[in-house]
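Q: Please find one structure pasted underneath; my questions will follow.
The values are calculated or read from the model by the stated rules, or taken from the named source; none is laboratory data. Only a predicted model underlies this, so the values are computations on that prediction, with no experimental measurement involved. A quick note on method: Cβ atoms are made from the backbone with ideal geometry, for glycine too, and the neighbour counts reach across all protein chains shown.
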Amino acid sequence: MRLLTRYLLLFLVIGLSVQCKRNVAPDPSAPVTAATQTELLVANIWKIDRVTDTAGKSIGTSQLGIETAALFFLDMQFTNSNIVRAIDRTTRQIRNAGDWMLVNENKAIDVKVTGFKGVFKLVDLTRNSLILQQDQVQVNGIKQAANLVFVPSI
C-alpha cells in the first residue's frame, strides 16, 4: 500500500509540473507579418467610431462629405479570402462588397469597394483599433488627409 501511495504521489507531482506553463510575453520588437495583420483585421467586424485629422483632432460628421459620412451607417467585414463587405448596421444586409489586399510591405491596405476605394495607410491595427489614413476626404468642401478610426462592432 505504501508503494502505491508513493507512485500516486510521484504521478501527481509529474502531472502538475507538466501542466504548469510559463507565460511568455510577445516580443514587441518582432516584425508584424502579413499573417498577423490579417488575423487582426478579420478578427472583428469594424464600425467607424470617428474621423480625425492627421494630428488626431476629431472632425464632426456634419463637416464630412457624403461618402465618408455614409461610413457611420455601415459595418466593415474583412475575410480571410480577401473579401470585404459593407454591411448596413440597421438591416444587417450587405450593401456593397469587394476585395482587399495588404500592400506596401504590409503598411497599407488596398480596398476595392464602390464608395470606399483606394489604398489606405495602416496607421494602427490591434484587436481593438483599426485606423486607416485616407488622402482625399472631403472636409468642409476641401479634400484633405484624414484618419478613419474603426472599433469592433458589437
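Q: Restricting to region 69-107, what's the tally of residues that are under 15 Å from residue 117 (Cβ atoms) and among the basic types (Lys, Arg)?
A: Going through region 69-107 one residue at a time, the tally reaches 2.
Q: Same structure again: Six or more apart or on different chains, Cβ atoms under 6 Å: show the pairs whose first residue is in region 100-120 and closer than 11 Å to residue 132 by Cβ and whose second is part of a loop (DSSP other than H, G, I, E, B) and of a type outside the set (S, T, N, Q).
A: Once the first residue is closer than 11 Å to residue 132 by Cβ and sits in region 100-120, no partner that is part of a loop (DSSP other than H, G, I, E, B) and of a type outside the set (S, T, N, Q) comes close enough.
Q: Would you point out the residue of region 101-135, among those that are in a loop (DSSP other than H, G, I, E, B) and small (Gly, Ala, Ser), that is surrounded by the most Cβ atoms within 10 Å (Cβ to Cβ)?
A: Step one: of region 101-135, the residues in a loop (DSSP other than H, G, I, E, B) are 104-107, 114-115, 126-129.
Still in the running and small (Gly, Ala, Ser): 115, 129.
Details: 115: 14, 129: 16.
The selected residue is 129.
Q: Still on this model: All but one of (1) touching an Asp or Glu at 6+ places or on another chain (Cβ under 7 Å); (2) closer than 18 Å to residue 70 by Cβ hold for residue 139; which doesn't?
A: Here residue 139 clears every test but (1).
Q: Now for a different question. Consider residue 68 against the criteria (1) at pLDDT 70 or above; (2) more than 15 Å from residue 134 (Cβ to Cβ); (3) part of a helix (DSSP H, G or I); (4) among the polar types (S, T, N, Q): it satisfies all of them except one. Which criterion is unmet?
A: With respect to (1) at pLDDT 70 or above; (2) more than 15 Å from residue 134 (Cβ to Cβ); (3) part of a helix (DSSP H, G or I); (4) among the polar types (S, T, N, Q), residue 68 is out only on (2).
Q: A follow-up question, please. Kindly establish whether residue 149 is modelled with pLDDT of 95 or more and either part of a strand (DSSP E or B) or surrounded by 14 or more Cβ atoms within 10 Å (Cβ to Cβ) (or both).
A: Taking the combined requirement at face value, the residue satisfies it.
Q: When only residues in region 136-146 that are surrounded by fewer than 16 Cβ atoms within 10 Å (Cβ to Cβ) and hydrophobic (A, V, I, L, M, F, W, C) count, which is modelled with the highest pLDDT?
A: The residue in question is 145.
Q: If you don't mind, there's one more thing I want to ask. Please give the number of the condition residue 84 fails out of (1) in contact (Cβ under 8 Å) with a residue 24 or more places away in the chain; (2) within 15 Å of residue 49 (Cα to Cα); (3) aliphatic (A, V, I, L, M).
A: Only one criterion is unmet by residue 84, namely (2).
Q: Assess whether residue 56 counts as being small (Gly, Ala, Ser) and assigned to a strand (DSSP E or B).
A: On the way: small (Gly, Ala, Ser): yes; assigned to a strand (DSSP E or B): no.
Answer is no for this residue.
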